Amino acid sequence: MDTYDPIELLSNRFRQAIARAYPEVGQEVDPLVSASRQPQLGDFQSNAAMSLAKRVGANPREVARAIIAHADMSGIAEPLNEQSVAGPGFINVRLAPDALVRLLEALDEPALGLRPDEPMTVVVDLCGVNLAKQMHVGHLRATIIGDTIARLHERLGHKVIRQSHVGDWGLPIAMVTAKLLELEDRGELSESLDLDELNRLYKQAQAECAGEHRAMEVIQRVGGHAKLEAELAAINAEADEHLAHARRVLVALQSGDQRVRAMWQRIYDVTMSECLRTCARLHTLITDEHSAGESTYAEELGQVVEDLASRGIAHESDGALVVRIEGIDEPCLVRKSDGGYLYATTDLAAIRRRVQQLGADLVVYCVDARQSLHFKQVFAVARLAGYATKPGASQPSRLEHAAFGTILGEDNRPFKTRSGENVKLSDLLDEAVARARRAVDERSAELSREERDSIAEAVGIAAIKYADLSNDRIKDYVFSFDRMLAFEGDTGPYLLYALVRIRSLFRKAEAEGIAFDPHAPIIITEPEEKALALALLRYPKTVRAAAETLQPHRLCGYLYELCSAYSTFYDRCHVLKADDAEQRCSRLRLCHLTARVLADGLDVLGLPTVERM
Ligand code: ARG
């Protein structure tokens, strides 16, 4: 139990009181303790009396009085009495000042109250780029939300394995591989192939296999009907030939043909080097070792399908092989009628490896909400087949789709460039950093160019990340540079700036020869000090809740509230110019603890921080 958490402590006391007052309902009643919305009445309140009243058939205020009569708040809160009952039966509680100080002192240790949990193994599926394609805004979310969920679990002492399920296998990849081989044959393949060029060739290969781009050319060139039909038939035949060729290349790739394989590797390297550069720039802990692409499961797909069929889990349907799942209308397709495997087949193999080989107790998929049905199906099939159960375990591991919504443009439509293309992630980051640079130039002209460069980079990235993470992930949100880059309000730059301000306070103290004593007694007298103290105490529980619910926005909201509480405290309570040395030392300690909680929280979110700005 987190002993520094007042809600936890008060809940226990109320639970005991309820059990004593109403032995027939026992201990299992939720005492519904929460922070008070009216600080003048109390710090916390219990709302248990209202629902309990219905159960025992009594008046809620009577019930509240009965709970109070049996409550022992010694050592935590001020004694409860008639005046503690408010409205229909709320019970207001005020923490005892010495208890508040004790809790704060307990929090002020290196781990900030976050003692490790019983460690589990967590696989986080994140990023998931596709070969020969640029990372776009969808991958931004998969990358940063995934990395933050990974960090949250790491902070709680779990073993976390990040995995990027790279889309690096299948017919589309074979199409572009075939295209590149053809260019190489003609001596037209550039030595310095970059991802932009690769992406262009990818689109071209796709269009050729579909006959699209030639068809458009012809429609523009030829008017007459009969002539057009003949031309289009020729194009279709040509496209079919391209497709047939791509299929042959796929077979060659699958059977390990050296030349084809080498070309595939080149496509892989070009894509991944750019992707990993972006991941590093985004301050996420995703490197080469975290890539576990679809290709790594290629050998296992046949076996998975065989296994499902032989155990009667999968059934033939129009030549294809499907698994029907109770409660889900659409069956899960695991083998096409042409013998090809699917996205779902690969994900089944992935679950099996993650749970049974890597030992995952929890697998979290940070993937677009539009893939919800896919994950519902795959999770259900995996559970049915036992792939989600660790060897020797009686229960399946937890499989979670941490789904996220769409990033929208200011017009409320999915965020696209003017010409309707996906926005390239690296362009977006450049733009954020360039805008941050202008703000930094204005505010901190006295700093060197290099310093302003690195501050702008951190501020721009923090702005984008915070704007994303601070929204409930399941919701769509509107992308706005102006809003996310503001130095005031619920933004990344504001949080970074709050930390900078506290740090500069300590530099100032040092310059003035004011010593900081990390063990100075904490004295809480002003309401703003108390509000800050109560906010600090909520940190450990917030991190836990964000990890458990896979909701980074809870931690964002908390850090913003902490900074607001700090800002009010700092406005109203003199720190360096406090009345006396004791008060100054106590307040410096509060500032120091705030900075540590804030820095820790920003680190858990994966936001870069700066010393000055
Ligand atoms: N490559 C996929 C996409 O771009 C994302 C992969 C998600 N992970 C998974 N295990 N299916 O949509």
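Some observations on this one:
- Here A380 passes the criteria (1) within 25 Å of D472 (Cβ to Cβ); (2) away from the ligand (no atom under 12 Å from the Cβ) except the one numbered (1).
To keep it simple, each residue is scored yes or no on (1) more than 10 Å from the ligand (Cβ to nearest atom); (2) modelled with pLDDT of 95 or more; (3) not acidic (D, E).
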site	(1), (2), (3)
V124	yes, yes, yes
C127	no, yes, yes
A132	yes, yes, yes
H136	no, no, yes
T148	yes, yes, yes
R151	yes, yes, yes
R155	yes, yes, yes
K159	yes, yes, yes
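- Test: residue in segment 181-195 that is modelled with pLDDT of 95 or more, within 18 Å of D368 (Cβ to Cβ) and of a type outside the set (F, W, Y): no
- The lone criterion from (1) in a loop (DSSP other than H, G, I, E, B); (2) of a type outside the set (S, T, Y); (3) in contact with a Ser or Thr (Cβ under 8 Å, 6 or more places away or on another chain); (4) more than 14 Å from the ligand (Cβ to nearest atom) left unmet by A360 is number (4).
- Residue that is farthest from the chain's Cα centre (by Cα), among those in segment 161-199 that are charged (D, E, K, R) and within 16 Å of the ligand (Cβ to nearest atom): D168
- Any hit, segment 475-498, residues being in contact with a His (Cβ under 9 Å, 6 or more places away or on another chain) and part of a helix (DSSP H, G or I): no
- In summary, A17 fulfils each of the numbered conditions (1) surrounded by 14 or more Cβ atoms within 10 Å (Cβ to Cβ); (2) touching a residue at least 24 places away in the same chain (Cβ under 8 Å); (3) part of a helix (DSSP H, G or I); (4) out of contact with any His (no Cβ under 7 Å at 6 or more places or on another chain) with the single exception of condition (4).
- Subset tally (residues that are surrounded by fewer than 20 Cβ atoms within 10 Å (Cβ to Cβ) and either closer than 23 Å to A309 by Cα or within 13 Å of the ligand (Cβ to nearest atom) (or both)) for segment 383-394: 7
- The one condition from (1) out of contact with any Leu (no Cβ under 6 Å at 6 or more places or on another chain); (2) at pLDDT 95 or above that H242 does not meet is (2).
- Residue list for segment 20-34, filter: assigned to a loop (DSSP other than H, G, I, E, B) and touching a strand residue (DSSP E or B) at 6+ places or on another chain (Cβ under 8 Å): P31, L32
- Here is the figure for segment 255-278: residues that are assigned to a helix (DSSP H, G or I) and surrounded by fewer than 18 Cβ atoms within 10 Å (Cβ to Cβ) total 9.
- Of the residues making up segment 46-87, those that are crowded, with 21+ Cβ neighbours inside 10 Å, closer than 26 Å to E528 by Cβ and in contact with a Lys or Arg (Cβ under 8 Å, 6 or more places away or on another chain) number 2.
- Of the residues R55, R65, the single one that is of a type outside the set (F, W, Y) and modelled with pLDDT of 95 or more is R65.
- Close pairs from segment 599-613: first assigned to a helix (DSSP H, G or I), partner polar (S, T, N, Q), Cβ under 6 Å, at least 6 apart: L602/T609; L605/T148
- Considered as a group, the residues in segment 335-348 that are outside any loop (DSSP other than H, G, I, E, B) and in contact with a strand residue (DSSP E or B) (Cβ under 8 Å, 6 or more places away or on another chain) include one that is farthest from the ligand (Cβ to nearest atom), and that residue is R335.
Conditions (1) surrounded by fewer than 14 Cβ atoms within 10 Å (Cβ to Cβ); (2) assigned to a loop (DSSP other than H, G, I, E, B), marked per residue:
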{"residue": "I286", "(1), (2)": "no, yes"}
{"residue": "Q303", "(1), (2)": "yes, no"}
{"residue": "G312", "(1), (2)": "yes, yes"}
{"residue": "I325", "(1), (2)": "no, yes"}
{"residue": "E330", "(1), (2)": "yes, yes"}
{"residue": "L333", "(1), (2)": "no, no"}
{"residue": "A350", "(1), (2)": "no, no"}
{"residue": "R353", "(1), (2)": "no, no"}
{"residue": "Q356", "(1), (2)": "no, no"}
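- The residue list E510, E548 contains one member that is closer than 27 Å to A467 by Cβ, among the acidic types (D, E) and part of a helix (DSSP H, G or I), which is E548.
- Within segment 431-453, none of the residues are out of contact with any Phe, Trp or Tyr (no Cβ under 8 Å at 6 or more places or on another chain), under 24 Å from G128 (Cα atoms) and in contact (Cβ under 8 Å) with a residue 60 or more places away in the chain.
- Of all the criteria given as (1) assigned to a helix (DSSP H, G or I); (2) without any contact (Cβ under 8 Å) to a residue 40 or more places away in the chain; (3) under 30 Å from L536 (Cβ atoms), the one not satisfied by R37 is (1).
- Residue in segment 417-438 that is among the hydrophobic types (A, V, I, L, M, F, W, C), more than 16 Å from the ligand (Cβ to nearest atom) and not in a helix (DSSP H, G or I) present: no
The values are calculated or read from the model by the stated rules, or taken from the named source; none is laboratory data. Given the structure is predicted, the values throughout are model-derived calculations rather than measurements. Heads up, the Cβs are rebuilt from the backbone with ideal geometry, glycines too, and the neighbour counts pull from every protein chain shown.
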